[in-house]
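Right, one structure below, let's go through it.
Read the figures in this text as sums done on the coordinates, not as results from a lab. Not measured: the values here are computed from a predicted model. Methodologically, a virtual Cβ is constructed for each residue, glycine included, from the backbone with ideal geometry; neighbour enumeration extends over all protein chains shown.
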Amino acid sequence: MHKTTAGPEAQNRPQSNKKTFAIAVFDGDGIGPEIMRPTLDILGEISASSSSFCLQFQPLPAGAGHYRDHAVALPHSSLDAARDADAILLSAMGLPDIRYPDGTEIAPQIELRFALELFAGVRPVFLMPGQGSPLRIADTGGVDFVIIRESTEGLFASHGKGEVIRDEEARETLVITRRVSEKLFDFAFRLARQRKENGKGPGRVHCVDKANVFQAFAFFRKIFQERAALNPDIEAQCAYVDAAALWMVQRPQMFDVIVTENMFGDILSDLGAGIMGSLGLAPSADIGADHAVFQPCHGSAPDIAGRNIANPLAMILSASMMLDWLGREHEMEDMLTAGRRLHEAVNSVLSSGSCLTPDIGGTASTNGVAEAVLEAYRNGAQA
Ligand code: ATP
């Protein structure tokens, strides 16, 4: 456990009768600090008002700005502290103008996924009734599914290892292993079961691949079918990634849980964010056996940084996923309730439509939206 240096003293002070959770905080680059600050304020109030748990925030340096100033993107001390924390909250890292000598962007969030073996990237896609979407769907309230993006191998296993040969040819290698795939599919079946129990889905998993063209994906699909046989209560379906992209747009209601390779998941989760109306609404969690990182799907959005117009909702929803995960891991009903209420508070702000940032058609500021969520949370907590 680490001593905190962030947030109001009273919110962070551990109380003897409460269980304390250390939260590693990376506020990163671009809009990162702008969306992290109000999110910590909300979490601070939730923590202060809880009788059973206390969140202690520990800010940690990393990112493109840190690389520019110190020539290191993810200091060992930050990685070690993140490893020791109970959960990790991350906003966004990377800036297009600051790159490694090979031209790739600074991305400590990818390093964290590999270092902490966060194999399951959970990317929910949902539409509240009344929430704007580029899709013309009569009942948008019916869209509610989760993409699980494998996050430690696939094509991203080649990150930092690709080669360009004599300026004539380039190669990157995709990796699929049985060890990770089995864990990934088991995670997907568990999540589908959990959603079914909570009335959120029919209990269906789609494996999305390109098994008709690549051996690696035929192997991926074979392992999926083996694990499906061990989970007969959950419907198992397979789809090629191109068809899945089409169906996500034409009939997204058919999906419950989608499980896919890293690169396909990277692309499909942005498509999911597009369906939701903005990247600024799409939360995510990267989960492993012992650690988890919660961060919005979007990047550092340097084009709107410093203007107090970034949408904080993806960050706040990621914080709600963190409460849900910690609540389940530690069997703390109070925390599960807080996570659910925070999600409902975001839903009510979205549904009312009166306090939205410009990316989803409003004129409100980052801080204004975060305050509206906190107000809705307080009202919900009293109800
Ligand atoms: P990365 O590759 O690091 O994920 P990216 O290249 O996909 O990043 P983003 O930084 O996510 O790019 O930005 C893509 C677009 O979405 C930009 O126009 C940005 O302004 C917008 N955007 C991203 N996040 C938000 C947000 N929270 N609120 C409003 N607009 C956002």
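Couple of notes before you dig in:
- Extension gain, Glu197-Glu329: 0.36 nm per intervening residue step, less the Cα-Cα distance, totals 45.8 nm.
- Distance between the 7 Å Cα→Cβ label points at Lys161 and Asn308: 4.7 nm.
- Net charge, Ala319 excluded, C-beta distance under 14 Å - Lys, Arg +1, Asp, Glu -1: -3
- Cβ-Cβ FRET estimate between Ser351 and Glu168, R0 fixed at 51 Å, reported to 0.05: 0.40
- Cα centroids of the range 241-291 and the range 22-60: 26 Å apart.
- Rounded is the label for the chain. Its Cα gyration tensor axes, ordered a ≥ b ≥ c, give a/c under 1.5.
- The dipole here belongs to the range 133-276: it is taken about the Cα centre, uses +1 on the Cβ of Lys and Arg and -1 on the Cβ of Asp and Glu, and is about 460 debye.
- For the peptides 262-274, 315-327, 90-102, 156-168, residues were scored by their other Cβ atoms within 10 Å and the scores averaged per peptide; the highest-first order is 315-327, 262-274, 90-102, 156-168.
- Each residue of the range 194-201 is assigned a 3J(HN,Hα), and the resulting list reads 4, 5, 5, 4, 8, x, 9, x Hz, derived from the Karplus form 6.51 cos²θ - 1.76 cosθ + 1.60 (θ = phi - 60°), x at Gly and Pro.
- From phi via Karplus (6.51, -1.76, 1.60), per-residue ³J(HN,Hα) for the range 36-46 in Hz, x at Gly/Pro: 6, 4, x, 5, 5, 4, 5, 4, x, 5, 4
- Backbone phi angles across the range 211-227, fed through the Karplus curve with coefficients 6.51, -1.76 and 1.60 (θ = phi - 60°), yield HN-Hα couplings of 5, 7, 10, 10, 4, 4, 7, 5, 5, 4, 5, 4, 5, 4, 5, 4, 6 Hz in residue order; Gly and Pro are listed as x.
- CD proxy at 222 nm, helix term only [per DSSP H run n ≥ 4: -39500 (n - 2.57); per residue of the chain; nearest 500]: -13000 deg cm²/dmol
- Amide H contacts under 5 Å for Lys19, placed H, 5+ residues apart: Phe53, Cys54
- Full extension of the chain between Arg340 and Ser49 gives 103.2 nm of extra length, using 0.36 nm per residue less the Cα-Cα distance.
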